[in-house]
1. ARG62 - would you say it is within 22 Å of ALA19 (Cα to Cα) and at pLDDT 85 or above?
2. From the list LEU58, LEU43, LEU76, pick out the single residue that is among the aliphatic types (A, V, I, L, M), in contact with a helix residue (DSSP H, G or I) (Cβ under 9 Å, 6 or more places away or on another chain) and within 21 Å of GLU13 (Cβ to Cβ).
3. Limited to the range 11-61, what total is found for residues that are under 18 Å from VAL107 (Cα atoms), surrounded by 12 or more Cβ atoms within 10 Å (Cβ to Cβ) and either in contact with a strand residue (DSSP E or B) (Cβ under 6 Å, 6 or more places away or on another chain) or not hydrophobic (A, V, I, L, M, F, W, C) (or both)?
4. Kindly establish whether VAL107 is more than 30 Å from PRO15 (Cβ to Cβ) and without any contact (Cβ under 8 Å) to a residue 24 or more places away in the chain.
Amino acid sequence: MTRAPSVTHVDVELPYLLAITVFNVPALALAAVAIVLALVRPLPQRVRGLLVAAGVLLAVSRIGNTAWQAYIPTLLRDRSASDFALLNSSVFTVFAILELVGMALLVAAAFTGRSNVYVP
């Protein structure tokens, strides 16, 4: 009788890490575009500040989210289910708030500095 080949830790985690990285790339690209536009284009100072702040918050949120999701398999082996659930929901809440504030700043940057022009 032959034994089935064992699945190593790396074989299981590599597709998982690739999936979470690909999932977070669009938001990281948005953050990078916001920062680059803020630094390259001639913009009013308030708009520039809002864009840079939005880009930084979105980048921190997504990089932290990716790192946290990569750490989850290790965390599941080391903690009980109730500890993990509380810690996981707390961390994801923080990242969700960071992303919400970053998106709000991005929208605020789009509308800051516009004049009140009535279009019939």
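1. yes
2. Exactly one residue qualifies, and that residue is LEU76.
3. Qualifying residue count for the region: 5.
4. yes
The values are calculated or read from the model by the stated rules, or taken from the named source; none is laboratory data. Since the model is a prediction, treat every value here as computed from it, not as a measurement. When we count neighbours, we look across all protein chains shown, and the Cβ atoms used for this are built from the backbone with ideal geometry, even at glycine.
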